Amino acid sequence: MTAPRRILIYGVHGAGKSTLAVRLAERLRLPWYPVDDLLWLPGWVEVPVAEQRARIEELCRRDTWILDGAYHGWRDVPLARADLVVALDYPRWRSFWWLLRRTLRRLGSGEVICNGNRESLGSVLSSESILVWHVTAFGRERRRMRAWQADRAGPPVLLFTSPAALDDWVAGLPTIDPRVPPAAGERRC
């Protein structure tokens, strides 16, 4: 298998998209662009969707990239350019548990997430909580990933239903020599 050069990682909140992006960036020596950094300004102010789309279009014109998500106003952009979609379709309980554990850790540590933002008790207990998003979006995201996998016209979709299967796939990918410099203008993880 030729190593993909443009990878979209997709899944429900808490499925491990960013963790996988880091692993793939290191293994394949591809630049990873954390989606949250592109979508949120300090103070949890959302970047306007038109600007989000412009940012994603600029990134997706590049020859190499990893994105750890795709959202409503611009999901079509990376799908049109991706060599591969890696879909994390784990059971609800698993991804919710990971999300809850991560959220509690961030609350306790005050960890900076993106652009200076942090989880807060108020955000976690609100109707806009990432935990609420997980519960309300889970079925929709699962149907979307499975539809992409069935659609032979789009990019190939590898749908993983277990972390062990994902680990096996990653282990089988070629390892790129870390001494190989990135292409001009590309950021590497």
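Details
- FRET efficiency, 1/(1 + (r/R0)^6) with R0 45 Å, evaluated for D63 and T136 via beta carbons: 0.80
- Antiparallel content of DSSP bridges confined to the chain, in %, to 5: 10
- Simple label model, 7 Å out from Cα along Cβ direction - D168 to R92, nm: 2.7
- The residue list L100, F160, S120 was ranked by how far each Cα lies along the charge dipole of the chain toward its positive end, using unit charges on Cβ atoms, and F160 comes out on top.
- For the chain, the longest principal axis of the C-alpha atoms and the axis of helix 130-150 are separated by about 30°.
- The stretch between R105 and E46 holds 18.9 nm of extra length on full extension. This uses 0.36 nm per residue minus the Cα-Cα distance.
- The ranking of W169, W133, W93 from fewest to most other beta carbons within 10 Å of each one's beta carbon is W93, W169, W133.
- Compared with the direct C-alpha span, the chain from A80 to A3 gains 25.9 nm at full extension, assuming 0.36 nm per residue.
- Rounded to the nearest 20 debye, dipole of the chain from Cβ charges on Lys, Arg, Asp, Glu: 320
- Cα gyration tensor category, rounded, prolate or oblate, for the chain with a/c compared to 1.5: rounded
- Here each label is just a point 7 Å from Cα along the line to Cβ, and for S123 and L158 those points are 3.1 nm apart.
- Angle of helix 92-109 to the longest C-alpha principal axis of the chain, folded into 0 to 90 degrees and rounded to 10: 70°.
Each value in this text was obtained by applying a stated rule to the coordinates, not by laboratory testing. None of the values given here were measured: they were computed from a predicted structure. A quick note on method: Cβ atoms are made from the backbone with ideal geometry, for glycine too, and the neighbour counts reach across all protein chains shown.
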